[in-house]
Amino acid sequence: MNSSDPAVRVRGLRKEYGGLTAVADLDLDIERGETFALLGPNGAGKSTTVEILEGYRHRTAGEVSVLGVDPAHAKLDWKARLGIVLQSSGESGQYTVREQLAHFAHFYPHPRGVEDVIAAVGLEKQAKTRISKLSGGQQRRVDVALAIVGRPELLFLDEPTTGFDPEARRDFWGLIEQLKSEGTTILLTTHYLDEAARLGDRGGVIVGGRLVAVGRIDQLGGAEARVPLVRWRDDDGALREERTERPAELVVELARRLGGEPRELEVIRPSLEDVYLRLVGAPDHESRSASGAAAGAAETPGTPFEPAKEAEPA
Ligand code: ADP
């Protein structure tokens, strides 16, 4: 493939299970070297999409190219260019960390050094420990070690830190950041929005099999979704709110009109979580009494807040 081609290119992807449409007309590009976070509620179609890209599932329609190859017709040499960390750890065996890694390294044409990989995932002290004796977090590191030993061009991380304590999660993020800095392309699915914000360069939100937003993580949902919201109790007793780029000016104006500090004054800067919850149509603190058009859309579960579109680069 041409090195300027995207790592992943998907056009009009569709997957039906019997009468159920799990993925509908999905378009997606992931550039080389980028970390893309795929977000969405349970049942949205994330795993189906990722498994089609990994070559584990057949699609109903659409075009898919992963590292320049159609996964539906890919051979072993293509598989060797991928690293896959599945949702649940498959590693609990009787071999030690070092033995298992050395065994896997043989499958690849240009493996990383086993000791380098052990160091990269921070398991030096456990190199001679049987995998079945490791903690959950350490076994997850073995999963990642096995996925990167073949020097993958594209790494799939499916909910990699589910069940981690906060410290283990931070350590794990450090490891992924290291892989990023080495130029590995990463497709991450996660339920943790802080993880998506920390690791993702770009992201997409899938709802009901459709990509309802895609763009830079810090611009997801479009500029409009990030405009601060000012909420206050007006002099007629009603709770009012207004979106404005200049909340301070609005507060000063309100204070003048109301003859003092507005009651129940709140200035809310939407976080990624707020934006995400509106995109997936879940009720959240920001939209509980919102009156704007965007909040109206959020009241209908499953209704996209806005059509999928690429956010403008900053
Ligand atoms: P997510 O990963 O976002 O939780 P999935 O891709 O697993 O979503 O599922 C998308 C939809 O497809 C869901 O409605 C799910 O029940 C359905 N689905 C997933 N796998 C199968 C399958 N093998 N057979 C039938 N339906 C499936």
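The values are calculated or read from the model by the stated rules, or taken from the named source; none is laboratory data. What you see is a predicted model, and the numbers here were worked out from it, not measured in a lab. Cβ sites come from the backbone with ideal geometry, for glycine too, and all protein chains shown count toward neighbours. Ligands, DNA and RNA are excluded from the accessible area calculation, which covers all protein heavy atoms including side chains. Shrake-Rupley method; radii C 1.70, N 1.55, O 1.52, S 1.80 Å.
Descriptive notes on the structure:
- Model label sites at Asp27 and Ala223, defined 7 Å from Cα along the beta-carbon direction, differ in position by 2.2 nm.
- Spin-label pair Ala255/Asp70, simplified geometry with 7 Å Cα→Cβ offset, distance in nm: 6.5 nm
- Contour minus Cα-Cα distance for Asp5 and Asp194 (0.36 nm per residue): 65.1 nm
- Pairwise label distance in nanometres, Val267 with Trp78, each label 7 Å out on the Cα-Cβ vector: 5.3 nm
- Amide H contacts under 5 Å for Ala213: Val205, restricted to partners 5 or more places along the chain or on a different chain, H placed in the peptide plane at 1.01 Å from N.
- Stokes-Einstein diffusion of segment 176-236 at 37 °C, 0.692 mPa s viscosity, Kirkwood radius from Cα pairs, rounded to a whole number: 234 µm²/s.
- Low-density loop positions, GluC sites (Glu not before Pro), segment 125-232 - DSSP coil, at most 15 other Cβ in 10 Å: Glu182
- Å² of accessible area per residue within segment 8-218, as computed with a 1.4 Å probe and no ligands counted: 44 Å²
- Residues listed by number, segment 176-218, amide nitrogen under 13 Å from Tyr56 label point at 7 Å toward C-beta: 189
- If only the Cβ of Lys and Arg carry +1 and only the Cβ of Asp and Glu carry -1, the dipole of the chain around its Cα centre is close to 920 debye.
- Scattering from the chain was approximated by placing one identical point on each alpha carbon and applying the Debye formula without solvent; log10 I(q)/I(0) at 0.14 1/Å stands at -1.06.
- Net charge of Cβ neighbours under 9 Å - reference Asp201; Lys, Arg +1; Asp, Glu -1: +1
- When you restrict to C-alpha pairs under 8 Å that are six or more residues apart and normalise by the size of segment 8-218, the relative contact order lands at 30 percent.
- What the phi angles of segment 29-38 give under the Karplus curve with 6.51, -1.76 and 1.60, with θ = phi - 60°, is a coupling list of 10, 10, 6, 5, x, 9, 9, 10, 9, 9 Hz, glycine and proline written as x.
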